[in-house]
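Structure first, then comments.
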Amino acid sequence: MNTVRVAGKVAAAIGRHPREFVGIVMVFVATFAVFINALFLQKGAHPAPIFATRAFMPHDLPVVAPRAAVAPASITPDLARTSRAQLISDIQRELNRRGFYDGTADGVWGAKTDAAARDFIQAAGLTVNPEATESLLRAIVASHAKIDRTAPSPAARDQIAELIVPSKRLLAIQRALADFGYGQIKPTGLFNPETRAAIEKFERDHRLPISGDVSDRFVRELAAMTGRPLE
């Protein structure tokens, strides 16, 4: 009943003052519209916001660590190895063409390749280092130094000469071997099977490579044992 009475009084007031009521309603609607616009319909920051908010500063933003760039060093070593292997292969092929190297062009700088490079440098009379460099490759290509591998080596020629021509050196070797009990050898100065067998026995006793040949190392060891030059 109280609600009905209040509603009746409000209706009577509106009836007595209709213009004032309409004005109040319009003011209320306008105020509500401004409030809604300020809170929800503004795209940017309001010049005079109702509720003060703290502006975002650059340091308030989350820090995202930059992605680490892929270091080219992870690829460079493989490329460097490939380039060095190719360079060594080219050097080996050029040395092979000139008779200094008789192995395969495998791109590995081993003892045989190193010896071939040193032989070339000595034969060509150069001063470059025996290393896998572009300078060495250019020097080999530009040089005319060659080795004829079909010709017998000086050591081989000496052994052939010892077989057919009496040698004073071989005569002294045979006498030394006979004196120290390395076989029944006749000192003829000619290289024969008895001399080879005596040399092999001497090499075994002194832990030398078994060759049976009159090598420089054998002669040094025999001379050291006898205490006199073998000439």
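A few points about this structure:
- Among residues of segment 100-144, those that are outside any helix (DSSP H, G or I), among the aromatic types (Phe, Trp, Tyr) and farther than 13 Å from Ser89 by Cα, counted: 1
- Only one of Val25, Val34, Val10 that is surrounded by 10 or more Cβ atoms within 10 Å (Cβ to Cβ) and at pLDDT 70 or above: Val25
The values are calculated or read from the model by the stated rules, or taken from the named source; none is laboratory data. Model, not experiment: these values are computed from the prediction. Methodologically, a virtual Cβ is constructed for each residue, glycine included, from the backbone with ideal geometry; neighbour enumeration extends over all protein chains shown.
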